[in-house]
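Accompanying notes for the structure given below.
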Amino acid sequence: MTSQSPDPRITDHPPERAPSAVPIDDSVLPFEVGPLDLRGRLTKLGPSLDELLAKHDYPVPVAKLLGEAIVLATLLGSSLKFDGRFILQTQTDGPVSFLIVDFQAPDRLRAYARYDESRLEPGLSSGALLGSGHLAMTIDQGPDMRRYQGLVALDGGGLEEAAHEYFLRSEQIPTRVRLAVGEEWRGGEGGRHHWRAGGMLLQFLPKSPERARQADLHPGDAPEGTVTHTVEEDDAWVEGQSLIATVEDIELIDPDLSGERLLYRLFHERGVRVFSSLPMKAECSCSRAAVAGMLSRFAPADRADMVKDGKVVVTCEFCSSVYEFTPEEAGVE
C-alpha cells in the first residue's frame, strides 16, 4: 500500500506503508493499481447518507434505492476537476418514478425520490422498483458553459447495470461498479437504525488504446448476417473484473473496515496506491434568497394562485426546508 499527494509537482514515489486501519466515513478514496492499469474510487458513506435519507422518512426499499443512486453519484461526480455540478436523475414507470441526486463539486450532496407507496411490494429488486424509463447523467460546468448529458435506457435493470451500459456506450471505457446500502443499529438516543452505504468504481485505462478496445456493440437495425468484430479482453482487465466481483456488500458498508484495508485485501498482490481522500457532506443549496428568485420568474397570475391563507409557502423537495412569504414579498400585486 502506498500513498500519494495529489500535487502534480511531486514526482518521487512515496514510501510503502501499512494500510490505515482508521475508517473514514463520508469520503471518496481514489486509487490505482499500476501493474494492471486500473484506476478507481472507493466511497464509504455514513452520517451524510443517513441525514439525506432521514429528511423524508422513506420506506426502506425506496431509501435503499436512493442510497444506491447517491453512492453512484459520489463515485462519478467526485471526478470533476472544476466547481460544477453532477446531476444523476431517473424518470421511469416503476413504483419509484423519479430519483435525483445533485452533487455540487467538490463535496456537497442532496437527493430526493418520488414514489407510489401503493405499488411497493416486499422483495422488489432495484430494477423492479425503477421499471422502464431512462437514467440521465448531467455535467453542469456553470453559467455560459455547455452542459453535457448522457442517457441510458432503464428496462428492468438496476443502477449498477445502467452504469456499466453508460460507460460501454458513451465513454467506451471498460468499467465495473459495485454499490451497497444497508442499515446499522445503534444504541443511545433511544436507539434507531442508521443508513450506511459504500461503492467502488474500477476502470481499465491502459496507455495503449488498442488494449482498451471493446467488442462491437449490437448492430441494431443492421442487415441480417452483419458480422460484428469480437475483441478478447485484456488479461489485466479480466483480473480486475474478477477481483472487484469478490467484494461483498458487508465489506463496502462495514463501519469498522477502512477503505485502505479493503483495497489492500483486493489488490495487495499487485500493489495498490491510494490518493488523498475527498470528503463528502449532506448540504442543500436552497436558501430564502434562492426561493425568492425562483418565485420572481413565475408569471404574476401564477404567483397570485400560490397565495393560500394569506401567504406563499414553498417547501424544498430536497431538504424539506419551508420558506414562507407574504404576498408582497412574493411579488403578488
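All of the numbers you see were taken from the coordinates with simple rules; none came from a lab. These numbers come from a predicted model, not from an experiment. We place every Cβ from the backbone using ideal geometry, glycine too, and count neighbours over all the protein chains shown.
Net charge of the neighbourhood of Glu232, taken over other residues with C-beta under 12 Å away and scored Lys/Arg +1, Asp/Glu -1, is -2. In plain terms, the chain from Ser242 to Ala299 could stretch by 14.8 nm, reckoned as 0.36 nm per residue minus the Cα-Cα distance.
Distance between the modelled labels on Arg114 and Asp309, one decimal in nanometres: 2.4 nm (7 Å Cα→Cβ projection).
For the chain, the longest principal axis of the alpha carbon atoms and the long axis of helix 235-245 meet at an angle near 50°.
Within the set of other residues whose C-beta is less than 14 Å from the C-beta of Met294, count the net charge using Lys and Arg as +1 and Asp and Glu as -1. Overall, the nearby charge balance is 0. Please give the net charge around Tyr166, taking every other residue with its beta carbon less than 13 angstrom from that of Tyr166, where Lys and Arg add +1 and Asp and Glu add -1. After counting each charged neighbour, the total is -2.
Close amide-amide hydrogen proximity is noted between Trp195 and Asp50, Glu184, each under 5 Å apart and 5 or more residues distant or on a separate chain (H modeled in the peptide plane; Pro and chain starts excluded).
Are there trypsin sites (Lys or Arg not before Pro) in the range 78-163 that DSSP puts in a loop and that have at most 16 other Cβ atoms within 10 Å, and which ones? Sites meeting the loop and neighbour criteria: Lys81, Arg146, Arg147.
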